[in-house]
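K.L.:
Have a look at this one.
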Amino acid sequence: MKFTIQKGNGLKGEISVPGDKSISHRAIMLASLANGNSEISGFLEGEDCLATIEVFKKMGVNISKNEEKFVVEGRGLHGLASPSSPLDFRNSGTSVRLCSGVLAAQQFSSILLGDSSLSSRPMTRITEPLELMGANTISTEEGTLPIRIEPVESLKSIKYSLPVASAQVKSCILFAGLYSKGITEIEEKVTTRDHTERMFNQFGIPIDISQSKAAKIIQMSRVEVINPSNIYICGDFSSASFFILAALITPNSELLLKNVGVNPTRIGFLHALKHMGANIELQNEIDSFEPTADILVKTSNLKGITLNTNLVANMIDEMPAFFIAASLAEGTTKVKDAKELRTKESDRLQSMSEVLDSFGVKFQLKDDGIIINGLGKEGTFKASEINSFGDHRIAMASSIGSLRADGESTIIDCLNVNTSFPNFVDVCKQVGIDIKQL
Ligand code: S3P
């Protein structure tokens, strides 16, 4: 699948983006482990979250759609059935890493698979702590999928200091912690997204969080029963980020994004853009279990910045969009301590450097970041054919970047957009972007 996009002008409108991907995975997982029925509304029906649904269905959980709500008939912490064939997590790193924590504690074996991109992503970051908890995991020599998980009598709790800033690793341990004897304790020196902790709260699972200057400490104990809960999922900030970018870089634009999740551990992109001079306003802020707001964005003249490295983990998925903003800012933008970008659906430092190169932007690529020479407010990208490397966020960031190109741009290999934002093209059209899907 490819997109063609024309130069943009005057984007206007009020839009909603689909449900949050991270929250959708966690809602299905906990609802499946609860005793009774949970209803989930606002669920993201993207390929990644549908993979999570398929995995739990394969383990005997009934999940159905009733009008706009998903009804999950939870089987309890010990009620999952042994899957009759390997569990296919397709492209979803979040799904495979979080579910591993649950699977490590089951009294049946499982085989975890993924597509070629997921099969090349690092998994020792989860198998190491799971092994410390007493789990029996067998992965490839390279520490990648497929992983085979064999049952063990019981898991024991660990005290673990996260060696990488990863919410997926933290969450894997927390899910295993639901089954582990003793107190599971995680030290997080760099704060990562806290959706698992918030979702545990929603399902009544006690979790204790304390914050010192040096680190966050998260503690939990094994639970006997999880009660069902009805969950409402807000719009995904990461999907919204592409339309925030679109309004900022396209002349004469004003967009209102309704009901977007603005969890403080997710909005590093907003802080960074404001530092660059972006005209962004949060309205109608609601402090529910996941805080939400409407986001009003107007065309802005951006200036280059040295990105505060503390923001990196809280904008890790927005980095491709941020690189486009930096390329159209006045002056230089420096990003470091962002090596994690190399472990995503594609090596996003490499992929984005190739996108910027096609757009005619000058930059210096580093092992852990990039220095981008912005073209400034009058700057124009070179219209060209861009490879998205089968990575949804590269495809969407370069589609939006094309709004500032000097002609028609083509983005190739875009099917992966369906993993997180299945109606991306429709929402683009709604705000006046001239985009075609071929
Ligand atoms: C996610 C965590 C992040 C993020 C991913 C979703 C999650 O990954 O990139 O898209 O839902 O926990 P890491 O934890 O590996 O940084």
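K.L.:
Restricting to the range 168-201, and then to whatever is in a helix (DSSP H, G or I) and farther than 18 Å from residue 77 by Cα, can you tell me which residue is nearest to the ligand (Cβ to nearest atom)?
P.N.:
168
K.L.:
Criterion first (crowded, with 24+ Cβ neighbours inside 10 Å and free of Cβ contacts under 8 Å to residues at least 60 places away in the same chain) does residue 329 satisfy it?
P.N.:
Criteria met by residue 329.
K.L.:
Using the structure shown, decide if residue 265 is more than 30 Å from residue 152 (Cα to Cα), part of a loop (DSSP other than H, G, I, E, B) and not assigned by TED's automatic domain parsing to the domain that holds residue 301.
P.N.:
No, not satisfied.
K.L.:
Scan the range 329-364 residue by residue and report those that are more than 16 Å from the ligand (Cβ to nearest atom), within 21 Å of residue 309 (Cα to Cα) and touching a Lys or Arg at 6+ places or on another chain (Cβ under 6 Å).
P.N.:
Scanning the range 329-364 gives 329, 330, 331.
K.L.:
Another question about this same structure. Cβ-Cβ under 6 Å, sequence separation 6+ or interchain: first residue in the range 146-169 and within 24 Å of residue 22 (Cβ to Cβ), partner within 12 Å of the ligand (Cβ to nearest atom) and among the polar types (S, T, N, Q). Which pairs?
P.N.:
So the pair list comes out as 165/192; 167/192; 168/94.
Listed here are the residues, each with its yes/no results for (1) among the acidic types (Asp, Glu); (2) in contact with a strand residue (DSSP E or B) (Cβ under 6 Å, 6 or more places away or on another chain); (3) closer than 21 Å to residue 316 by Cα.
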site: 140; (1), (2), (3): no, no, no
site: 150; (1), (2), (3): yes, yes, no
site: 161; (1), (2), (3): no, yes, yes
site: 166; (1), (2), (3): no, no, yes
site: 178; (1), (2), (3): no, no, no
site: 183; (1), (2), (3): no, yes, no
site: 194; (1), (2), (3): yes, no, yes
site: 206; (1), (2), (3): no, no, no
site: 212; (1), (2), (3): no, no, no
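K.L.:
Here's a follow-up. Criterion first (touching a Phe, Trp or Tyr at 6+ places or on another chain (Cβ under 8 Å) and among the aromatic types (Phe, Trp, Tyr)) does residue 363 satisfy it?
P.N.:
When the stated conditions are applied, residue 363 does not pass them.
K.L.:
Still on this structure: Taking residue 165 as meeting all but one of (1) over 23 Å from the mean Cα position of the chain (by Cα); (2) under 18 Å from residue 128 (Cα atoms); (3) part of a loop (DSSP other than H, G, I, E, B), write down the number of the exception.
P.N.:
(1)
K.L.:
Follow-up. Could you check, for the range 279-295, whether at least one of its residues is farther than 30 Å from residue 229 by Cβ and in contact (Cβ under 8 Å) with a residue 40 or more places away in the chain?
P.N.:
There is no residue in the range 279-295 that is farther than 30 Å from residue 229 by Cβ and in contact (Cβ under 8 Å) with a residue 40 or more places away in the chain.
K.L.:
Out of the range 405-423, which residues are surrounded by 22 or more Cβ atoms within 10 Å (Cβ to Cβ) and in contact with a strand residue (DSSP E or B) (Cβ under 9 Å, 6 or more places away or on another chain)?
P.N.:
405, 409, 411, 414, 417
K.L.:
If you don't mind, another one. Residues to consider are 420, 409, 384, 402; find the one that is within 16 Å of the ligand (Cβ to nearest atom) and among the small types (Gly, Ala, Ser).
P.N.:
Only one candidate passes the filter, namely 420.
K.L.:
Something else now. Since residue 318 meets every condition but one in (1) crowded, with 17+ Cβ neighbours inside 10 Å; (2) acidic (Asp, Glu); (3) on the phi > 0 side of the Ramachandran plot, which condition does it not meet?
P.N.:
(3)
K.L.:
From the set of residues in the range 290-315 that are closer than 19 Å to residue 20 by Cα and within 16 Å of the ligand (Cβ to nearest atom), which is surrounded by the fewest Cβ atoms within 10 Å (Cβ to Cβ)?
P.N.:
313
K.L.:
Across the range 77-100, which residue is farthest from the ligand (Cβ to nearest atom) among those that are aliphatic (A, V, I, L, M), in contact with a Ser or Thr (Cβ under 9 Å, 6 or more places away or on another chain) and farther than 13 Å from residue 123 by Cβ?
P.N.:
So, considering only residues that are aliphatic (A, V, I, L, M), in contact with a Ser or Thr (Cβ under 9 Å, 6 or more places away or on another chain) and farther than 13 Å from residue 123 by Cβ, the one farthest from the ligand (Cβ to nearest atom) is 80.
K.L.:
Moving on to the next point. Are any of the residues in the range 67-74 at pLDDT below 95 and more than 30 Å from residue 187 (Cα to Cα)?
P.N.:
Yes, because at least one residue in the range 67-74 is at pLDDT below 95 and more than 30 Å from residue 187 (Cα to Cα).
K.L.:
Taking residue 368 as the residue in question, decide whether it is within 16 Å of the ligand (Cβ to nearest atom) and either within 22 Å of residue 22 (Cβ to Cβ) or surrounded by 24 or more Cβ atoms within 10 Å (Cβ to Cβ) (or both).
P.N.:
No; evaluated as a whole, the condition is false for this residue.
K.L.:
Next question. So which of 351, 358, 409 ends up being of a type in the set (Ser, Thr, Tyr) and within 24 Å of the chain's Cα centre (by Cα)?
P.N.:
When all the criteria are applied, what remains is 351.
K.L.:
If I ask for residues that are of a type in the set (Ser, Thr, Tyr) and touching a His at 6+ places or on another chain (Cβ under 7 Å), which ones from the range 1-45 would you list?
P.N.:
Within the range 1-45, just 22 meets the criteria.
The values are calculated or read from the model by the stated rules, or taken from the named source; none is laboratory data. Predicted, not measured: the structure shown is a model, and the values here were computed from it. Note that we place each Cβ from the backbone using ideal geometry, even for glycine, and neighbour counts take in every protein chain shown.
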